[in-house]
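The values are calculated or read from the model by the stated rules, or taken from the named source; none is laboratory data. For clarity, every value in this text was computed on a predicted model and none was experimentally measured. Every residue, glycine among them, receives a Cβ derived from its backbone with ideal geometry; neighbour counts consider all protein chains shown. Quick note on the areas: whole protein, heavy atoms, side chains included, nothing else; ligands and nucleic acids left out. Shrake-Rupley method; radii C 1.70, N 1.55, O 1.52, S 1.80 Å.
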Amino acid sequence: MDVLMEPKSFNSYRKIYSGEKLCKLSSDTVIPDTFEDISRLLTTEFKSKIISKDVNFGKITVNGEIEAVSLFIPENNSTTQSVFSSIPFTAEFSADEVDSSSVAVASINIVAADWRELNPRKIGVNADVLVEVKAFSRTEISIPCVQPETCENAFFKSETKKITNISLVSEKLASIEDEHEISDAEAILASNTDCFYDSSELVGNRLIVKGHTHSRVIYRRQSGDISALEYDTAFSQLFDHDENADITDCDCVMLPAGEYYELNGDLVSMELRMVLQLVCYENREVTYVSDAYSCGCEYELNTDILNVTADRETMMITQNIQLAYELPEKADNVYVISACTGKLTMSGSAVNVPVIINAIGVSGDMGAFS
């Protein structure tokens, strides 16, 4: 005799694919005719942005772009100038279980970059871009937990388990605008914005995601010296979510899609467009029927049990480092300092993180240096 259980259902997502691809990019930038030849190349600022993300049957395609802004000193002129170059890239992933209804979460990281002067009219830049993709499929989890009223002389055994469920995978295109005072600015030479996830809170059926951006603007003063302005901008976005969920953690991956800075008198205006990709995890305590007994009859429970447990272990360690560098003689000041990290590597139980630090300053003998 068969007993068909009356199930209790809830929505869930399961990860069906993960992969990464390293894109090696290079480009040559020719100095415009309006500028003199390069006397000294100071630095190159790199930033990435996403153009599109396509999910089709058996394939995920991520199209992006690396922007490189090179700062240099022209011959017979001590005024710092900048030139811009753009390098597009495409990363394709073969994923058998993926179809048009799947949701993909992508990340783009510049893990290595270098620049060099090829000749007085040309700059060469190289960048290694790591593109990582995870794909999720929406499903419905059914738990056999309701005892049929039509069964007489039957005894049901129940069990309770705690599971970690992927409750939401979603994305949203956000636009952030802000402006800050900037003193004695003549021109913007380079800019870069980093995005950070701070927290999330469920209010009713709306999930409030909070974060902030850190903007750094390198600009030239009226005197010809260069300087930098750094500031943070807080933001929040709303996502739809089931009510009364016990959300334990969220992974939020933010990718810039467009970045615009403009000088308006003593103000610098910023507009940032970015894609917020959200993966939410919740704890659930489920009680289900695991077996049944009866006098004189044998029962078989007909139901589908899906594995919804998501094993996640995260460890965060803050490591402070101090590096010393001897400046050129008669160095007057350091105007710009930036740092970036490369690709993580594992060696046993140790995690190695390369750190690149770049400084721009002025020396009495050689002028601007980096």
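Some points to look at:
- Residue check for residue 183: open to solvent by 20 Å² or more (accessible area, probe 1.4 Å), farther than 30 Å from residue 290 by Cβ and outside any strand (DSSP E or B): yes
- Test: residue in region 273-289 that is basic (Lys, Arg), part of a strand (DSSP E or B) and closer than 30 Å to residue 144 by Cα: yes
- Residue check, residue 228 open to solvent by 60 Å² or more (accessible area, probe 1.4 Å) and touching a Ser or Thr at 6+ places or on another chain (Cβ under 9 Å): no
- Scanning region 249-264 for residues that are hydrophobic (A, V, I, L, M, F, W, C), within 22 Å of residue 172 (Cα to Cα) and at pLDDT below 90 turns up at least one hit.
- Within region 251-286, the set of residues being of a type outside the set (D, E, K, R) and exposed (fewer than 12 other Cβ atoms within 10 Å of the Cβ) comprises 260, 264, 265.
- Scan of region 6-65 for residues that are open to solvent by 40 Å² or more (accessible area, probe 1.4 Å), among the hydrophobic types (A, V, I, L, M, F, W, C) and closer than 30 Å to residue 218 by Cα, ordered by number: 22, 30, 35, 51
- Region 75-133 - residue that is touching an Asp or Glu at 6+ places or on another chain (Cβ under 6 Å) and of a type in the set (Ser, Thr, Tyr) and, of those, surrounded by the most Cβ atoms within 10 Å (Cβ to Cβ): 107
- Test: residue in region 273-291 that is under 24 Å from residue 209 (Cβ atoms) and at pLDDT below 75: no
- Within region 101-128, residues that are of a type in the set (S, T, N, Q) sit with their Cβ atoms under 6 Å from residues that are open to solvent by 60 Å² or more (accessible area, probe 1.4 Å) and not in a loop (DSSP other than H, G, I, E, B), at 6+ positions apart or across chains, in these pairs: 107/132; 126/26; 126/114.
- Residue 166 farther than 18 Å from residue 229 by Cβ and surrounded by 15 or more Cβ atoms within 10 Å (Cβ to Cβ): yes
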